[in-house]
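*Asks:* Shown below is the structure under consideration.
Readers should treat all values here as calculations from the given coordinates under stated rules, not as data from a laboratory. Owing to the predicted nature of the structure, the values given are computational and were not obtained by experimental measurement. Neighbour counts are summed over all protein chains in view; Cβ atoms, including those assigned to glycine, are modelled from backbone coordinates with ideal geometry.
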């Protein structure tokens, strides 16, 4: 009888938790009930943390988090020491999803995410998908969009260009280099991404797992990445004003290659 009662209590306890495939999460205390099976990939974080201790801006559907740039963790410029400069293997967000702390003239709220990226930085596909469009908007913004298996279309914007041979309708693999970042249609180089689901609704691309691997798993040994140098005082390094003023909305007048029917 004691054994049955104990089993019942355990089942009751776990039934009150949220099942995230890999482990159970207790929202009341903001902690996982078991350690993260991928905790060895992020030794600087507690194996019991949720969303890298940033639940206001992130969700963690199943423990796999991907970014379109090389790095094993992501930080917000406004929260990181020295604006995130000097941190090894770190991707820096310069503007967040639905950010309202924006400079005058910039899209507000920001329906997308901006990442610090110098001109010529490779950017990667978040998962296996199909190239949906390649082109330039009427505001001079170069972009490429990829449709992933769940139907979401993710746009990569302000890019310098796409990889040689990449075309509309082409299948791309998770982690495949799509092109290089740039400053097209904006004052300062950075990478902007946004996503639209199959119902035409804007969604947070960081809240959805389009691939099967984390950045740490894909890129392997993080020690191979160099430290981000601090900016020169006289050189602007962040997008202070998006001159397109329409970064996050589809542009009906954009020129693009014809999509397959």
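*Asks:* Name the residues in the stretch 92-101 that are buried (at least 16 other Cβ atoms within 10 Å of the Cβ) and either over 28 Å from residue 162 (Cβ atoms) or free of Cβ contacts under 8 Å to residues at least 40 places away in the same chain (or both), would you?
*Replies:* To start, the set of residues in the stretch 92-101 that are buried (at least 16 other Cβ atoms within 10 Å of the Cβ) comprises 92-97, 99.
93, 96, 99, listed by residue number.
*Asks:* Now, a different point. Which of the residues spanning the stretch 122-136 are buried (at least 18 other Cβ atoms within 10 Å of the Cβ) and either touching a helix residue (DSSP H, G or I) at 6+ places or on another chain (Cβ under 6 Å) or within 23 Å of residue 199 (Cβ to Cβ) (or both)?
*Replies:* Within the stretch 122-136, the subset buried (at least 18 other Cβ atoms within 10 Å of the Cβ) is 123-127, 129, 131-134.
125, 126, 127, 129, 131, 132, 133, listed by residue number.
*Asks:* Step by step: first the residues of the stretch 82-120, then only those that are part of a strand (DSSP E or B) and touching a helix residue (DSSP H, G or I) at 6+ places or on another chain (Cβ under 9 Å), then the one that is nearest to residue 152 (Cα to Cα). Which residue is that?
*Replies:* 113
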